[in-house]
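Where a number appears in this text, it was derived from the coordinates with a stated rule and is not lab data. None of the values given here were measured: they were computed from a predicted structure. Every residue, glycine among them, receives a Cβ derived from its backbone with ideal geometry; neighbour counts consider all protein chains shown.
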Amino acid sequence: MFTTYFTGLTLMATLIMPIGMQNAFVLNQGIRRQYHLFVAGFCSIADAVFMSAGVWGGAKVFSANPWLLTGIGILGAAFMYYYGFLSFNSAAQGENRLNSDHKNRNFKAILLACCAFTILNPHVYIDTVVILGGFAANLTADQRPWFVLGGVSASFIWFFGLSLLGQKLAPILSKPKSQQIIDFVIACMMWVLATYLLYYVFTN
């Protein structure tokens, strides 16, 4: 069982560790210290739900309805272009969004961003539902819970580690000038990832 657990942990880790739009969002919320633990928990729980769905048959849904990933990809790309615009606008204006009043006003916006970065990201489904679900098809019924537990552990360790790393770096990176640079980098990253996502959707 421990072998199966570590298989799930290492496989999930290799899938979620590359920097992408979700990781950039989690790290930046840690730097801003804006509900960063909530964001990490949301992403981790979402991974747990999607991975469980994939391991227990969810991959068949995407196999039978390939248009689902196409639709999710297009909506996700549109959201990333919009989020990139917001980040670029913030960088251009030098807006300081780190005070507590702003944090309280923006909880709904952060919650919506969490949902969008998770639900409208087709790579989340490909990683957790299709790839991990496909791998789990070769496991026995007794092994699957341990495989899921390993994958979920990797997700919690990664997202909370990323969030706390951002919080640790906050005294340096939360300065207005640093935040401007971060916002600009995130804007460029979102636009590049959105373009790549559209390319991926229409060529696969």
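The count of lysine pairs in the chain that are at least 8 places apart or cross chains, and whose C-alpha atoms lie under 30 Å apart, stands at 7.
The calculated P(r) of the chain, using every Cα pair and 10 Å bins from 0, goes 9, 33, 34, 18, 6, 0 in percent. Only helices enter this figure: runs of n ≥ 4 DSSP H residues, each worth -39500 (n - 2.57), summed and divided by the residues of the chain, yield -26500 deg cm²/dmol at 222 nm to the nearest 500.
Only the Cβ atoms of Lys and Arg (+1) and of Asp and Glu (-1) were treated as charged; on that basis the dipole of the range 2-203 about its Cα centre amounts to roughly 480 debye. When the chain is described by a simple charge dipole with +1 on each Lys and Arg Cβ and -1 on each Asp and Glu Cβ, the residue from L198, L68, L169 located farthest towards its positive end is L169.
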